[in-house]
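**Q** Before I ask anything, let me first share the structure, which is written out below as structure tokens.
The values are calculated or read from the model by the stated rules, or taken from the named source; none is laboratory data. Nothing here was measured: the structure is a model prediction, and the numbers come from that model. Cβ coordinates were reconstructed from backbone atoms using ideal geometry, including for glycine residues, and neighbour counts include every protein chain displayed.
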Amino acid sequence: MILSSTHRPNRVLVATSDLHVGKTTLEQVLAMRAEIETGVARDGLIVEALLVLGDIGESLRDIELCLGALSGLAPVQAVVVGNHDLFDTERLGSSLTRYGNILPQRIAALGWIWGEGAPIIVPGSSTAIVMTPAWRDPSRLPTGELVRLKDRTALLAELPDGKWITPDLRDDALADEQLKRFNNALGQVNPTCDHLVIASHFPMFQELVRSDGPVTAADLFFYSPRFGEGLLNYLSQMNNRPGKITAVSGHLHAPANFNISGPLNGNPTAITLQALSIDSKYGQPGYTILPGS
């Protein structure tokens, strides 16, 4: 559990990802919920928000069943999608329509917040939550250099995405669209909030994928450097910053954790940012608990 010195110690956020109902059973998700409820009751905690960070289910019905099983765990419950959520397993013909129309409507009908857009502020709290899938863009390295189309195509063919995501959904165009919304949401955050939580499906920092060596085309299917660069650029321009900044993500099916600290881009005001990946995988749904405020 991650705690800060400024938050009210009994207020927490729960983040989960990669539940993959359809491969993971609904009973396993319900067991995770029971574990969360038992733990927070034992420790005298109050869950302010539940964040589900993509790869919820393997079909539209699985997504609905999963969110239904978790509903009511917190007064604020919000979702971003992952790549598996956009698999056209029902053969409706368009992953882009699934993303832009079908899923937002079905998720809202279940009483959940579609996390992309304005920051989420928990009532009575000083925590700001900015959510984005942080969609991958395997066309460009962080330096802006283009990755060869041949390399990208060969790698995509090895992934289930190559079979189930329809051609109308282009990684680069979707990443551009989401990055604009992400930057706009960051611009709406009150810089004096106690805790800024950045919640995404794809990780934003290479260090969560591996800690050394140059970025490869394969890496770009697993993290989204342009979103990390955008976040750090935003923070470097702030004279006042939130008391705590956490970037939490899924997708990797493994735990990872690292810290960024010190000045950014000439701004003498030091930053401390913790980035972490949730340990959740097929058949073993997992979660992490973050401080509220």
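**Q** Please identify the pairs in which a residue from region 16-32 that is more than 19 Å from Ala49 (Cβ to Cβ) and modelled with pLDDT of 95 or more has its Cβ atom under 6 Å from the Cβ atom of a residue that is in a strand (DSSP E or B) and not charged (D, E, K, R), counting only partners at least 6 apart or on another chain.
**A** Once the first residue is more than 19 Å from Ala49 (Cβ to Cβ) and modelled with pLDDT of 95 or more and sits in region 16-32, its partners that are in a strand (DSSP E or B) and not charged (D, E, K, R) give Val21/Gly57; Gly22/Gly57.
**Q** If you don't mind, there's one more thing I want to ask. For region 65-94, enumerate the residues that are charged (D, E, K, R) and over 19 Å from Glu116 (Cβ atoms).
**A** Asp88, Glu90, Arg91, listed by residue number.
**Q** May I ask you to list the residues in region 83-99 that are of a type in the set (A, V, I, L, M) and touching a residue at least 24 places away in the same chain (Cβ under 8 Å)?
**A** Leu86, Leu96
**Q** Give me the pairs: first residue in region 120-144 and touching a residue at least 12 places away in the same chain (Cβ under 8 Å), second residue part of a loop (DSSP other than H, G, I, E, B) and polar (S, T, N, Q), beta-carbon distance under 6 Å, and six or more apart or on different chains, which are they?
**A** Close Cβ pairs (under 6 Å, with a partner that is part of a loop (DSSP other than H, G, I, E, B) and polar (S, T, N, Q)) amount to Ser125/Ser293; Ser126/Ser293; Thr127/Ser293; Ala134/Ser224; Arg136/Ser224.
**Q** Only one of Ala69, Ala109 is over 25 Å from Asn184 (Cβ atoms), surrounded by fewer than 16 Cβ atoms within 10 Å (Cβ to Cβ), modelled with pLDDT of 95 or more and among the hydrophobic types (A, V, I, L, M, F, W, C). Can you tell me which?
**A** Ala109
**Q** Given the criterion closer than 30 Å to Lys23 by Cα and buried (at least 17 other Cβ atoms within 10 Å of the Cβ), identify the matching residue among Val189, Val215, Val248.
**A** Val248
**Q** Just checking, does region 266-281 include any residue being touching an Asp or Glu at 6+ places or on another chain (Cβ under 6 Å), buried (at least 23 other Cβ atoms within 10 Å of the Cβ) and at pLDDT below 95?
**A** There is no residue in region 266-281 that is touching an Asp or Glu at 6+ places or on another chain (Cβ under 6 Å), buried (at least 23 other Cβ atoms within 10 Å of the Cβ) and at pLDDT below 95.
**Q** I'm told Ile107 meets every condition in (1) farther than 20 Å from Ala247 by Cβ; (2) part of a strand (DSSP E or B) except one. Can you identify the failing condition by its number?
**A** (2)
**Q** Restrict the check to region 114-126 and report whether at least one residue is over 22 Å from Ser224 (Cβ atoms), at pLDDT below 95 and hydroxyl-bearing (Ser, Thr, Tyr).
**A** Scanning region 114-126 turns up at least one residue that is over 22 Å from Ser224 (Cβ atoms), at pLDDT below 95 and hydroxyl-bearing (Ser, Thr, Tyr).
**Q** If you take the residues in region 72-106 that are closer than 19 Å to Lys163 by Cα and among the small types (Gly, Ala, Ser), which one is surrounded by the most Cβ atoms within 10 Å (Cβ to Cβ)?
**A** Among them, the one singled out is Gly82.
**Q** Which members of region 127-167 meet the condition of being acidic (Asp, Glu) and modelled with pLDDT under 90?
**A** Glu145, Asp151, Glu158 - these are the residues of region 127-167 that are acidic (Asp, Glu) and modelled with pLDDT under 90.
**Q** So in region 143-153, with the set limited to residues that are surrounded by fewer than 16 Cβ atoms within 10 Å (Cβ to Cβ) and of a type outside the set (A, V, I, L, M, F, W, C), which one is nearest to Phe205 (Cα to Cα)?
**A** Thr143
**Q** Can you list the helices (runs of 4 or more DSSP H) found entirely within region 113-222 that contain at least 2 residues being farther than 30 Å from Gly68 by Cα and over 15 Å from the mean Cα position of the chain (by Cα)?
**A** 149-157, 171-187
**Q** Of the residues in region 114-137, how many are buried (at least 21 other Cβ atoms within 10 Å of the Cβ), of a type outside the set (Val, Ile, Thr) and within 27 Å of Ala218 (Cβ to Cβ)?
**A** Summing the residues that are buried (at least 21 other Cβ atoms within 10 Å of the Cβ), of a type outside the set (Val, Ile, Thr) and within 27 Å of Ala218 (Cβ to Cβ) in region 114-137 gives 6.
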